[in-house]
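Novice: Can you keep this structure in mind? I'll have questions shortly.
Where a number appears in this text, it was derived from the coordinates with a stated rule and is not lab data. No experiment lies behind these values; they were computed from the predicted model shown. In this analysis, Cβ positions are derived from the backbone assuming ideal geometry, glycine residues included, and neighbour counts consider all displayed protein chains.
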Amino acid sequence: MRETQAIVERIKRVNRGYQRLELAVDRSLSSLLPGQALLTRRISKDYEAENWHPYLRDLWFPVDILASNMLVVERPAREQFVPGQLLSILGPIGKPLRFRQKLRNLLLLAYETPPTPLLLMLPHLLAQGTSLTMVTLGAARDYDCTHLPEEVEIIQASDDHNWHDMVMTLGWADQVFVLVGAGPEQTQFAEVMRLIRSRRNDVPANMIFGIFQRLLPCGVGACQACMLPVRGSAKLQCLDGPAFDLTQLRLA
Ligand code: FES
């Protein structure tokens, strides 16, 4: 992980609530993998790299890699950007997601949050023939998925978090990644686990992973603010995450 600078090259609106920014980045970031993120801050031309500090940056999960020096991020349309905006980037942050070998059916659950951190994995998994289903629950249903690859099955849950063929969807999944909104994440992960357990008897270890996206005050393991209670130890989201086995996490 190191600090580099990037520039916003292009801006494209992808739906009513989100825009995609194409960032010209240092080549060292082109090997970034699904699950890894960037800590970013807007800077001006007279920014002096010697004065950098890691604190209070935005956490961005890229959604696509276009070339060896071009990343795409998705940001809310209300955030104002112009081409040419300079960024200071600290990254990559975190460990890549670990996919099961011979992964056939992957289920993605977004609960009360846009599914953005889940999007970088889509092209790679589709290319290897994995069947992908994304279920949006609660406020995640406000996210317009029409720009996502059409091979991804998108399901909107009802107000009481049910959907048609729910038992089947949960039953055939080889692996599940769950994303929840800001706020009491462990409570929301617990709600999703209750939902899954109400429809599926066996929930083995190493199958259902929660992806944390809380703000990281330092991102380098220095402040301990991102510590999570995992059975038998404590882990840091910035160094060990963002994905943790939900059967091993102490949930609210
Ligand atoms: S954000 Fe400071 S230790 Fe993880």
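Novice: Given 0.36 nm per residue, what is the gain on full extension from LEU239 to ILE11 after removing their alpha carbon distance, in nm?
Specialist: So the chain would gain 79.0 nm between LEU239 and ILE11.
Novice: Relative to the present Cα-Cα distance, how much length would full extension add between ALA182 and SER31 at 0.36 nm per residue of separation?
Specialist: Net length gain for the segment: 51.6 nm.
Novice: Please identify every one of the GluC sites (Glu not before Pro) in region 50-116 that sits in a loop by DSSP and has no more than 15 other beta carbons within 10 Å of its own beta carbon. Before the final figure, lay out the partial values.
Specialist: On the way: sites: GLU50, GLU74, GLU79, GLU112; in loops: GLU79, GLU112.
Loop-located and lightly packed - GLU79.
Novice: Placing unit charges on C-beta atoms (Lys and Arg positive, Asp and Glu negative, everything else neutral), compute the dipole magnitude of region 105-245 about its Cα centre in debye, rounded to 20.
Specialist: On the way: 8 positive and 15 negative charges, 110 e Å.
In debye, rounded to 20, region 105-245 gives about 520.
Novice: Still on this structure, I have one more. Does a label point 7 Å from the Cα of GLN248, set along Cα-to-beta-carbon, have any residues of region 180-208 with amide nitrogen under 16 Å, and which are they?
Specialist: Inside the label zone: 204-208.
Novice: Whole angstrom only: what separates the Cα centroid of region 110-152 from the Cα centroid of region 161-199?
Specialist: Cα centres, region 110-152 to region 161-199: 15 Å.
Novice: Also, I was wondering about something else. When the chain is fully extended, how far beyond the present Cα-Cα distance does ARG104 get from ASN69, taking 0.36 nm per residue of separation?
Specialist: 9.5 nm
Novice: To the nearest 10 degrees, how steeply does helix 185-199 sit against the main Cα axis of the chain, on a 0 to 90 scale?
Specialist: 30
Novice: Write down the radius of gyration of the chain and its Dmax, each obtained from C-alpha positions, in Å.
Specialist: 18.1, 59
Novice: Specify whether the C-alpha gyration tensor of region 1-101 places it in the rounded, prolate or oblate class, a ≥ b ≥ c being the square roots of the eigenvalues: rounded for a/c under 1.5, otherwise prolate if a/b is larger than b/c and oblate if not.
Specialist: Here region 1-101 falls in the oblate category.
Novice: Within 10 Å of each candidate Cβ there may be at most 16 other Cβ atoms; applying that plus a DSSP loop requirement, which GluC sites (Glu not before Pro) in region 130-189 survive?
Specialist: Those satisfying the criteria are GLU150, GLU151.
Novice: Within a Cβ distance under 14 Å of PHE244, other residues only, what is the Lys/Arg minus Asp/Glu net charge?
Specialist: Summing Lys and Arg as +1 and Asp and Glu as -1 gives +3.
Novice: Lone cysteines in the chain, going by a 4.7 Å Cβ-Cβ cut-off?
Specialist: Among the cysteines of the chain, those whose Cβ sits 4.7 Å or more from every other are CYS145, CYS226, CYS238.
Novice: So what are region 116-200's ellipsoid semi-axes, whole angstrom, largest first, if each one is the square root of 5 times an eigenvalue of the alpha-carbon gyration tensor?
Specialist: Equivalent ellipsoid semi-axes, largest first: 21, 16, 13 Å.
Novice: Here's something else I'd like to know. Once you keep just the Cα pairs under 8 angstrom separated by 6 or more residues, what percentage relative contact order results for the chain? Please list the in-between numbers first.
Specialist: On the way: 510 pairs, mean separation 49.4, N = 252.
Normalised by residue count, the contact order of the chain is 20 percent.
Novice: Now for a separate question. Round to the nearest 0.05 the FRET efficiency obtained for GLU3 and ASP160 when R0 = 45 Å and r is the Cβ-Cβ distance.
Specialist: In this case the efficiency is close to 0.45.
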